[in-house]
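Shown next, in structure tokens, is the structure this report addresses.
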Amino acid sequence: MPAKLYLSWSPTGQEEIRAPTLRLNVPLESYIVLTLYRYLGIDPTNVVIHFVACKTTATVLSVNLPISSFGSPPLLRKSDGPQLAEEDAYFCQLPSITVPQTSTIISGLCGVCRWLTKHHIAEGGTFSERLLGFKGNTLVAPADASLWTKFCELDAIRCVEAILQLTPDSDALPDEIGQLERHLVQPLKSHNIFKLVNLVNNVRISSDEEHRQLTEGKFDFQANHRFAEGYDKTLADLMLFICFELIVRRLGKELLVEHVPYVAGWFERVKADDGGKLEEICHSTANPDENAPLGKVQLKEVNVRLPAEFSLYKADTKKLNLKGDQILTTNQAEVLEILRKIDNLPTDICSEVNGRGDANLFDWATVPVDARPEGGKLPMARILKKRHQLEALANEVIELAVDGCIIVDFCSGTGHLGILIAYLLPQCKVYLLENKEESQQRAKDRVARLGLTNVTFFQCNLDYFTARFDIGVSLHACGVATDIVLEKCFAQRAHFVSCPCCYGKLYNIEHIAYPRSRVFRESGLQLKEYFCIAHCADQTHDLASERTNVAKAHQGFHCMDIIDRDRALRAEELGYRVRRTRLGQENCTPKNRLLVGTYTREICAR
């Protein structure tokens with residue numbers, strides 16, 4: 001079966017399907033994917049495009065699509081029939097792609113573009129694997145973990161939208177243009193850099209010292225930062241070029257040459273690398289004569305903000321950014337004062353011992369190896385502890401589930417929990433959601449060996465997942481991810497089984513603010529005090545170890561209960577009954593708290 005590529009389009013009532021072209025209004029993300037699709041020469045019989053009606057966004061482009069390259073793609077509207085609500089198109093934010101052969105749905109601009117590129121290479125296309133960078137890792141990390149992916153998937157889109165809305169009186173260009181300029185100024189960085197130096201300059205060196213001793217043939221690290229990620233052109237260059245080609249139309253090349261010369265030089269190198277093919281496809285897809293927003297704007301004054309330091313080579317570690325008197329502290333005297341405040345809250349802070357003990361609702365002896373921790377190639381020392389973790393959550397899910405339930409294992413990693421549940425509950429559908437491609441591939445291999453037919457894989461960020469489900473589970477979802485998972489469950493009125501982790505990595509994001517519950521918000525607890533407690537919750541260690549500060553560890557367990565009580569109160573405000581318990585074998589992990597929420601106004605089978 002062919003893959004299905006789902007893209008957004010904005011209905012206007014003036015869509016034209018007239019040989020030899022189809023004309024539609026689409027948002028920028030759809031335009032980027034369409035342009036890449038054409039550039040890679042994807043066979044429309046292998047990857048079939050479906051356009052899904054969406055609300056009109058601030059910035060849409062009128063695109064002309066040759067029917068010879070795209071066929072006659074279906075135009076989907078939810079209003080066309082109730083069955084369309086169950087289409088894969090509505091399971092994730094768009095763009096997305098469904099791959100029937102592997103029961104996989106991929107969502108997110110970079111994830112979809114990576115899949116198209118890998119498909120092109122696998123089908124013997126004209127571009128080599130170098131387009132995916134060193135070890136195929138270009139844009140492989142999710143946007144919430146990689147500055148590069150975030151820049152290509154989110155920042156560049158925001159930049160183009162701002163550029164297309166400029167007026168002659170505008171005087172400042174978007175920050176992203178200055179950020180890319182500052183990045184391109186950086187000297188080249190590359191894995192195994194001296195292998196590249198030897199290849200380019202025909203020398204034989206293996207260290208900085210040997211390079212400094214060269215009298216001739218020295219490598220110019222600045223000049224050889226030719227493309228966005230380094231010396232070679234990659235998928236990141238293609239995606240950014242498609243964006244900046246629109247910017248060039250709007251601002252003119254001369255403005256870039258004058259104000260951001262490194263960006264202008266990069267743009268010309270990408271353009272020349274394929275003889276102008278990509279630029280030609282951009283122009284034919286979004287015809288300048290049919291796109292008024294692309295008309296050139298004459299700015300009276302131009303101001304480009306160049307950050308003092310900026311590099312897309314660096315990791316983004318600045319999550320919690322408290323300043324001045326908000327600086328986080330774990331001074332014990334201050335911690336005790338915060339705990340005294342919390343003791344006065346009108347709620348109980350505790351977690352119950354798990355009453356189930358060793359009494360599982362299934363027999364490990366009947367579970368095949370690929371559905372056990374051993375199948376995930378864990379070290380022997382970790383297998384028993386992982387078993388105890390899995391069985392604690394699996395037991396709760398078994399009690400909640402009925403035939404036909406849809407169960408989502410959020411942040412599923414290599415699939416330990418979701419695969420076990422799928423094996424134990426063959427009459428239920430199980431979704432494994434993970435944004436790391438490599439981890440999910442291991443899960444796919446295990447599912448294939450088991451022959452499970454009730455598993456669907458979602459490769460996407462948590463925020464991109466929009467499908468209906470009945471039970472959400474998460475084992476050690478890191479930090480704020482636990483709260484994103486809970487919010488997904490609340491939105492669907494789904495039951496949840498959650499074992500939180502990394503309490504110290506909580507931080508406010510756009511749609512998750514702390515404290516979570518009304519009781520904690522009205523307590524007078526300051527944000528830095530709340531995060532201090534969260535940080536202390538990570539000071540839990542193995543109580544059996546002689547090196548453990550036992551008093552500090554017990555304080556950490558209490559702080560875990562505080563944060564989880566806040567989470568439980570939030571759920572209770574929304575109609576849930578929440579049980580705060582622990583894993584059956586508490587010593588299987590320091591992060592051994594378990595939240596089990598059942599929606600009390602509705603049963604699982606809807």
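The values are calculated or read from the model by the stated rules, or taken from the named source; none is laboratory data. As the structure is a prediction and not an experimental result, all values here were calculated from the model. Glycine also receives a Cβ, built like all others from the backbone with ideal geometry; neighbour counts cover every protein chain displayed.
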For this session: Would you check if there is a residue in the stretch 62-82 being crowded, with 16+ Cβ neighbours inside 10 Å and at pLDDT 85 or above?
Result: yes
For this session: Among the candidates Lys591, Lys505, single out the residue that is under 30 Å from the mean Cα position of the chain (by Cα) and farther than 20 Å from Asp409 by Cβ.
Result: Lys505
Exercise. Out of the residues in the stretch 504-518 that are part of a helix (DSSP H, G or I) and modelled with pLDDT under 95, which is farthest from Asp348 (Cα to Cα)?
Worked result: Lys505
For this session: Just one of (1) modelled with pLDDT of 80 or more; (2) assigned by TED's automatic domain parsing to the domain that holds Ser8; (3) surrounded by 15 or more Cβ atoms within 10 Å (Cβ to Cβ); (4) within 26 Å of the chain's Cα centre (by Cα) trips up Gln101, so point out which.
Result: (3)
Exercise. Does Ser30 satisfy being part of a strand (DSSP E or B), touching a residue at least 40 places away in the same chain (Cβ under 8 Å) and under 21 Å from Leu278 (Cβ atoms)?
Worked result: no
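When residues of the stretch 403-435 are filtered for being touching an Asp or Glu at 6+ places or on another chain (Cβ under 8 Å) and in a helix (DSSP H, G or I), how many remain?
4
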Exercise. Looking at the stretch 354-390, which of its residues are assigned to a loop (DSSP other than H, G, I, E, B) and at pLDDT 90 or above?
Worked result: Asn360, Leu361, Phe362, Asp363, Val367, Pro368, Arg372
Exercise. Within the stretch 38-48, can one find any residue that is more than 21 Å from His120 (Cβ to Cβ) and modelled with pLDDT of 90 or more?
Worked result: no
Exercise. Does Val160 count as outside any loop (DSSP other than H, G, I, E, B), at pLDDT 75 or above and of a type in the set (Val, Ile, Thr)?
Worked result: yes
Problem set entry | Residue in the stretch 163-181 that is nearest to Ala228 (Cα to Cα), counting only those that are in contact (Cβ under 8 Å) with a residue 60 or more places away in the chain and part of a helix (DSSP H, G or I) | Leu180
